[in-house]
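**Q** Mind looking over this structure? Questions follow.
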Amino acid sequence: METSEKVSVNMNIATLSQIDLLVDKGYYSNRSDFINQSVRQALNEKKSVIEETGRQQNELDFRWFIGVMSLEKEELIKAKENRTKLKIKGYGLLGIDSELDDLVTENVESISVKGKVICSDRIKKHFKIR
């Protein structure tokens, strides 16, 4: 399962030239290295916002995630035993094995992912996933 995605970023020449200078001086191995490190630093500065959002979503009875999540058979069976329906919401990549299609359609109320969902066509159609 591919867990990275290429993004395109527009930058003005002045900013890009400063990045190139730092690369040439050996601070970063290339432009991508600089951009990745800068993004990680910015996300780390907002970590409390991300964590608080997760707490709020979980309080609303969502199975919330950020990053990569795989829907597991055990979780679906537990929902079935408890007679509850899962509401899955998140940002990133959600993987659902096609062997779980019946359990998913029976025990999941909704799936809302900003990112990518890897699943069968049956699940995509059932939950209107593009």
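Please treat every number below as a calculation from the coordinates, not as lab data. Everything quoted here is computed from the prediction, not taken from an experiment.
**Q** Provide a single number: the residues in segment 21-38 that are more than 30 Å from the chain's Cα centre (by Cα) and in a helix (DSSP H, G or I).
**A** 3
**Q** Which of the residues that make up segment 62-99 are under 14 Å from the mean Cα position of the chain (by Cα) and over 15 Å from residue 129 (Cα atoms)?
**A** Within segment 62-99, 63, 64, 65, 66, 67, 68, 69, 70, 71 meet the criteria.
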